[in-house]
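For reference, the structure is listed below as structure tokens.
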Amino acid sequence: KRPDKTDRAILLYLLQHSPDPNYPKYSWGYKDMDESMHPYYYNCPLSFLDMTPVACEEWRQHVRNYHATIAQQKQKAAQVTIGSIVTLTENYGNQTATILGKLKRGWRADIGGKHYRVTPKMIASVD
């Protein structure tokens with residue numbers, strides 16, 4: 001028998017390694033959190049939200065916003081081709097860049113005569 005929705009919860013375990021030369025095996029720490037603690041991590045799979053009862057609606061809205069932002073970035077990235085002129089976000093001075101080539105993650109672009117790596121989250125619009 002499958003457990004019903006009330007038997008489930010969203011949990012997050014943060015792990016941290018703090019090297020200690022005297023105790024190399026035992027230098028790990030963790031912090032466990034559930035949804036009600038509003039962890040400031042929003043990349044939880046959307047499908048998990050449908051599988052569990054709501055413990056913190058505000059946190060769930062942040063998760064939905066995070067995934068919507070990622071979807072918008074992917075949409076913009078799909079429009080970028082070599083030779084495209086892109087406008088960067090406000091965080092990057094609203095500069096324009098000319099796409100020169102594709103990299104494994106992002107593109108090589110000319111910005112003011114210098115070459116930089118541009119990632120999807122940096123792009124405000126594709127002209």
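Every read-out reported here was derived from the displayed coordinates using simple, explicitly stated rules and does not represent laboratory data. Here the structure is a predicted model, which is why all the values come from computation and not from measurement. Here the Cβ positions follow ideal geometry from the backbone for every residue, glycine too, while neighbour counts run over all protein chains shown.
Could you tell me whether Thr81 is of a type in the set (Val, Ile, Thr) and surrounded by 12 or more Cβ atoms within 10 Å (Cβ to Cβ)?
No.
What residue, of Leu11, Leu100, is farther than 26 Å from Lys121 by Cβ and in contact with a strand residue (DSSP E or B) (Cβ under 9 Å, 6 or more places away or on another chain)? Can you show your working first?
Numbers: Leu100 fails: farther than 26 Å from Lys121 by Cβ.
None of the others qualify; the one that does is Leu11.
Just to be sure I understand, how many residues within the range 19-34 are outside any strand (DSSP E or B) and touching a Leu at 6+ places or on another chain (Cβ under 6 Å)?
0
Given the criterion within 18 Å of the chain's Cα centre (by Cα) and of a type outside the set (A, V, I, L, M, F, W, C), identify the matching residue among Thr89, Thr81, Thr98.
Result: Thr89 is the single residue among Thr89, Thr81, Thr98 that is within 18 Å of the chain's Cα centre (by Cα) and of a type outside the set (A, V, I, L, M, F, W, C).
So if I check each of Val126, Val63, which one is more than 23 Å from Asp7 (Cα to Cα), surrounded by 11 or more Cβ atoms within 10 Å (Cβ to Cβ) and in contact (Cβ under 8 Å) with a residue 12 or more places away in the chain?
One residue alone meets the criteria, Val126.
Tell me whether the range 38-50 contains one or more residues that are closer than 15 Å to Ala9 by Cα, touching a strand residue (DSSP E or B) at 6+ places or on another chain (Cβ under 7 Å) and not hydrophobic (A, V, I, L, M, F, W, C).
yes
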